[in-house]
Amino acid sequence: MKTRNFPKGFAVAEWLIVLAAIGIIAVILTPSLPDSSGADARQLDKENKNYINAVVARYYQDNGVWPAPDLSDIGANPTYFPDGIPPNPAEPSRPYTISPMTHRVDTP
């Protein structure tokens, strides 16, 4: 009885099949990954606005007057903003301001 000698390792065709399968799986999974860059900025923006609104309310409670709309009078005060006013992650060149009517952070 003859024994057959099979080559050791993979042939080029087998490697191509494996790479094609990995490529197909990658194409299927890639669109389903969440786009976290925009979501993270929106979440941080929301948290910053809530924080600033709470600080503005505390400032009013402590002093009996509302801060300036550009937050210039409390922005450098470490009692209210120990690390400074948080930057706007959505538009870094546009700092947060508060509405003179509602005394809440303006929403662009």
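None of the figures in this text is laboratory data; all of them are computed from the coordinates on show. Given the structure is predicted, the values throughout are model-derived calculations rather than measurements. Here Cβ is always computed from backbone atoms with ideal geometry, including for glycine, and neighbour counts include all displayed protein chains.
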Helix 36-63 sits at what angle to the longest principal axis of the chain, using alpha carbons and giving 0 to 90 degrees rounded to 10?
20 degrees
Charges at C-beta only: +1 for Lys and Arg, -1 for Asp and Glu. How large is the resulting dipole of region 44-108 about its Cα centre, in Debye rounded to 20?
140 debye
For residue 66 and residue 29, calculate 0.36 nm times their separation in residues minus their Cα-Cα distance, and state this gained length in nm to one decimal.
8.2 nm
Any chance you could run the full-extension gain for residue 58 through residue 11? It's 0.36 nm times the residue separation minus the Cα-Cα distance, nm to one decimal.
9.7 nm
How many Å³ per residue does the convex hull of the Cα positions in the chain occupy?
195 Å³
Can you pull the one-decimal nm distance between simple spin-label points at residue 94 and residue 44, each 7 Å off the Cα toward Cβ?
1.7 nm
For the chain, with the dipole built from +1 on Lys and Arg beta-carbon atoms and -1 on Asp and Glu ones, taken about the Cα centre, which of 20, 88, 30 lies farthest toward the positive end?
20
Pairing the Cα long axis of helix 12-29 with the longest principal axis of the chain, what angle in degrees results, from 0 to 90 and rounded to the nearest 10?
20 degrees
